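Notes to accompany the following structure.
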Amino acid sequence: MIVKKVLLRSSAEDEVLGFLKEHPKTQLIRAEFIHGQKHAIHCVQQLLKAFAQKRNISSKEEIELILIALAERQIKKAIEKNSLEGEVVFISWADEAESFYEEFRNRFVARELKLEEEDSETLQAIEKSATFWIHS
């Protein structure tokens, strides 16, 4: 798995969406919704758990990740909130995650940014809310 915070070059959102369609198990989340690497990993774990337990809302893992990261149940609302511009977090849980990121970085990234780490209080809040979300 790879988690990287980046500043996107000003490029067409359609090109970025095309890239994501060509690269399964890969998603971009606006940086304001991801509170560190552990949070991103926790979101992926929750999406895998949702699919394993057949509690997923979306039929696609990539969309389910947006729903979980944004704590949103409506796909349309989540996609609208997750506009792909400026600072985003690249998350890939594919076997080819490293090569996917390199290709993405070469095509779209203006620069890589530091992903802040969450404190223990934030981690507890994330886990509590994610657990509630997945079981409700």
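The values are calculated or read from the model by the stated rules, or taken from the named source; none is laboratory data. Since this is a predicted model, take the numbers as computed values, not measurements. Every residue, glycine as well, gets a Cβ built from its backbone with ideal geometry; the counts of neighbours run over all protein chains shown.
Determine the pairs where a residue that is within 17 Å of E72 (Cα to Cα), located within the range 40-53, has a partner that is outside any helix (DSSP H, G or I) with Cβ atoms under 7 Å apart, the partner being 6 or more residues away or on another chain.
Cβ pairs passing all conditions: A40/V3; A40/I34; A40/V89; A40/I91; V44/M1; V44/I91; V44/W93; A50/N56.
Within the range 85-120, restricting attention to residues that are surrounded by 18 or more Cβ atoms within 10 Å (Cβ to Cβ) and assigned to a loop (DSSP other than H, G, I, E, B), which residue is modelled with the lowest pLDDT?
Among those residues, the one meeting the criterion is E118.
Applying the selection to the range 72-84, what residues are farther than 19 Å from H23 by Cα and either surrounded by 14 or more Cβ atoms within 10 Å (Cβ to Cβ) or of a type in the set (S, T, N, Q) (or both)? Let's see the steps before the verdict.
Of the range 72-84, the ones farther than 19 Å from H23 by Cα are 72-78, 80-81.
Selection gives E72, Q74, I75, A78, K81.
Counting only residues that are surrounded by 17 or more Cβ atoms within 10 Å (Cβ to Cβ) and among the polar types (S, T, N, Q), which one in the range 42-57 is farthest from A94 (Cα to Cα)?
N56
Just to be sure, is L28 within 22 Å of F108 (Cα to Cα) and either hydrophobic (A, V, I, L, M, F, W, C) or surrounded by 15 or more Cβ atoms within 10 Å (Cβ to Cβ) (or both)?
Answer is yes for this residue.
Before we move on, is H35 surrounded by 17 or more Cβ atoms within 10 Å (Cβ to Cβ) and in a loop (DSSP other than H, G, I, E, B)?
So H35 passes the test.
Tell me which residues, restricted to the range 71-84, are part of a helix (DSSP H, G or I), touching a helix residue (DSSP H, G or I) at 6+ places or on another chain (Cβ under 9 Å) and over 15 Å from N56 (Cβ atoms).
If the condition is that a residue be part of a helix (DSSP H, G or I), touching a helix residue (DSSP H, G or I) at 6+ places or on another chain (Cβ under 9 Å) and over 15 Å from N56 (Cβ atoms), then I79, K81 are the ones that fit.
State whether one or more residues within the range 45-66 are among the aromatic types (F, W, Y) and farther than 21 Å from E112 by Cα.
Looking through the range 45-66, at least one residue is among the aromatic types (F, W, Y) and farther than 21 Å from E112 by Cα.
Specify which of the listed residues (A69, A31, A40) is in contact with a His (Cβ under 9 Å, 6 or more places away or on another chain) and closer than 25 Å to L113 by Cβ.
A69
Residues being under 14 Å from the mean Cα position of the chain (by Cα), of a type in the set (G, A, S) and within 23 Å of S10 (Cβ to Cβ): count how many of those fall in the range 29-87.
Result for the range 29-87: 2.
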